[in-house]
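Here the structure comes first, spelled out in structure tokens, and everything after it is commentary.
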Amino acid sequence: MRFSIALIAASAAAVQAGVFTQKSYNDISISGGVAGNAENEALAVFSALDQNNLASADKDDIDFLKSVNSICNDAEDEAFNTAIDAASGDAADALQRGKIKNKVLKLEATILRLKIQQAQGDDVASDMAAEQKKLDNNISQDEAEAGKPSTFLSFDAETS
Ligand SMILES: *[C@@H]1O[C@H](CO)[C@@H](O)[C@H](O)[C@H]1NC(C)=O
């Protein structure tokens, strides 16, 4: 009896596990290619999440989204800012576009995390408004550079 209860508990846990799988920063980066479509590229990274049923998202999904924010921040500080400081001209401009795309990815992860928390009853309205404003501004910056080259930078980090 004890054994079958444990088995039921184990399978229930498996059903509830998050939808995201662990990825490297390089796997989820959208910084390469061209500017202008960062919002859709970022949403594609998180397409496993059912946005129509955020209330049932798992804690693992929240942790994944938090870890995306964290490794994108580290990539910005340790890879993009350093490279931009050392570059000039077209190369610096393309790195800056990659940095903005990285910010769109980071902020999209934050917004989705807040949407889950909201759907699960947390009061995150003021955080949501602040982060949405930053996201919208960065999306505008990306769109203003549409079609221009954007530089991917490799960075050694993993999501949760
Ligand atoms: C882009 O997002 C960052 C947060 O990563 C924010 O500090 C910055 O103000 C935003 N850019 C603009 C133009 O609002």
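At-a-glance table
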| item | result |
| --- | --- |
| Criterion: of a type in the set (Asp, Glu), away from the ligand (no atom under 12 Å from the Cβ) and more than 19 Å from the chain's Cα centre (by Cα) - qualifying residue of 85, 156 | 85 |
| Which listed residue is more than 25 Å from residue 145 (Cα to Cα), of a type in the set (D, E, K, R) and within 16 Å of the ligand (Cβ to nearest atom), from 106, 23, 66 | 66 |
| Per-region count, segment 81-103, residues within 17 Å of residue 142 (Cα to Cα) and open to solvent by 80 Å² or more (accessible area, probe 1.4 Å) | 1 |
| Filter result for the condition that a residue is of a type outside the set (Asp, Glu) and without any contact (Cβ under 8 Å) to a residue 40 or more places away in the chain, over 154, 150, 140 | 140 |
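The values are calculated or read from the model by the stated rules, or taken from the named source; none is laboratory data. Computed from a predicted structure; not experimentally measured. Counting neighbours? That spans all protein chains shown, and the Cβs are built from the backbone with ideal geometry, glycine included. Areas reflect the complete protein model, heavy atoms only, side chains present, ligands, DNA and RNA absent. Shrake-Rupley method; radii C 1.70, N 1.55, O 1.52, S 1.80 Å.
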